[in-house]
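In what follows, a single structure is set out as structure tokens and then discussed.
No lab work stands behind these numbers, since they all come straight from the coordinates. Everything quoted here is computed from the prediction, not taken from an experiment. Heads up, the Cβs are rebuilt from the backbone with ideal geometry, glycines too, and the neighbour counts pull from every protein chain shown.
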Amino acid sequence: MNKILIIGSNGQIGTELLQTLRSKHGNENIIASDIREPKEPDHYFEQLDVMDKEKLKSIIKKYQIKEVYLLAALLSATAEKNPEFAWELNMESLFNVLNLAKDKVIDKIFWPSSIAVFGPTTPRENTPQYTIMEPSTVYGISKQAGERWCEYYANRYDVDVRSIRYPGLISYSAPPGGGTTDYAVEIFYSALKDEKYTCFLSEKTPLPMMYMEDAVRATIELMETNKSNIKIRSSYNLGGISFTPEEIYACIRSTRPNFEIEYVPDFRQNIADTWPGSIDDTAAQEHWGWKAKYDLEEMTKDMLNNVQIDKNLA
Ligand code: AKB
């Protein structure tokens, strides 16, 4: 079993990926790391600022790590507040990990890209794998540049780096960290607290989204498939569910009829307006057998049950 390091293990994706990989391979084989300490003591956790190249190297050496999942990043909305730092963090962290693979210290990397690589000139519906990409956010620019570098390292140095363009991710174990799609998580907490939800996007803004269970499964399936199946070394489009705030609100309201919403779009509306409404993921389906499981109704039902249980709200 190759030992795995997750960088950003306290984040929205990291939290669930860590749980799933640990239950599959055992705690001792999946090392967690984050800039923040975890909530619960964890024997296999290392505090790490991913910009600290030397500390990263020492952790890799200490545990004989062979695979790295690099999940630390500044997301779209937060990145717009500090563009220079976002660029520095998102790019430097990637280079630190890519160079370890180039030097054959590690064998395999997972690096997440995003639908943010697309921009206002991209076709919005069923956005193809290969299309015009002129991102207008610093986050999108960093992800697009990152994709180019991943492909370059794969072609030039035979680095086994694998990537997915995540849509907005919906989950309940850990909160999302400053994205444009975060409304689709926040809305459930308001619904269960019987509070009116103030949505920062307008009611008719379609965005591609995915339930976390599907996203974690996709990530692990991509990492476990034979190397020969990976024909795209930039990043794979991944489709899940596409909906507008109005549609998810209607879905929640079917079981919580008193739930209310108001729409007060802010700067995140401008970001959402440049992103696709839905994604064509034929390449992921054909190359490594990807298939999404959750639709809007099932995801909503599961979120309402789990947010309820976890937060003891209703
Ligand atoms: C964000 O909204 O920034 C992220 C993403 C789509 O990458 N959730």
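Things to note:
- Of E40, E224, E247, the one that fluctuates the most in a GNM where the chain has Cα springs shorter than 10 Å: E40
- Among the listed pairs K3/K61; K3/K231; K193/K301; K143/K204; K231/K291, those whose Cα-Cα separation exceeds 19 Å are K3/K231; K143/K204.
- For I230, I6, I106, the sequence from fewest to most other C-beta atoms within 10 Å is I230, I106, I6.
- Net charge of Cβ neighbours under 11 Å - reference Y157; Lys, Arg +1; Asp, Glu -1: 0
- The trypsin sites (Lys or Arg not before Pro) of the stretch 1-89 meeting both criteria, a DSSP state outside H, G, I, E and B (loop) and at most 16 other C-beta atoms within 10 angstrom of the site's C-beta, are R36, K39.
- Long-range Cα-Cα pairs in the stretch 128-195 (distance over 19 Å), rounded percent: 53
- The distance from the alpha carbon centre of the stretch 1-55 to that of the stretch 219-297 is 25 Å, rounded to a whole number.
- Selection among W275, I13, V161 by position relative to the dipole of the chain gives V161 as farthest towards the positive end (Cβ unit charges, Cα centre).
- Helix-derived mean residue ellipticity, 222 nm - over the chain, DSSP H n ≥ 4, -39500 (n - 2.57), to 500: -13000 deg cm²/dmol
- Using alpha-carbon coordinates, inclination of helix 53-63 to the longest axis of the chain, degrees: 80
- Counting only alpha carbon atoms, the long axis of helix 138-157 and the longest principal axis of the chain meet at about 30°.
- Computed over the stretch 246-288, the ratio Rg/Rh where both radii use C-alpha atoms and Rh is Kirkwood: 1.18
- For the chain, built as a Gaussian network whose Cα springs stay under 10 Å, the top-fluctuating residue of R253, R217, R165: R253
- Kirkwood radius for the chain, taken over all pairs of different Cα atoms as the inverse mean of 1/r, rounds to 19.8 Å.
- Principal axis dimensions, the stretch 177-279 - Cα atoms, whole angstrom, descending: 52, 29, 22
- Shape call, the stretch 77-217: gyration tensor on alpha carbons, a/c limit 1.5: prolate
- Candidates P123, P208, P112, ranked by Gaussian network fluctuation over the chain, Cα under 10 Å, top entry: P123
- Magnitude of the charge dipole for the chain, about its Cα centre and with charges confined to Cβ atoms of Lys, Arg (+1) and Asp, Glu (-1), is about 940 debye.
- Note on the stretch 1-92: Rg/Rh from Cα positions, Kirkwood definition for Rh, rounded to two decimals, is 0.98.
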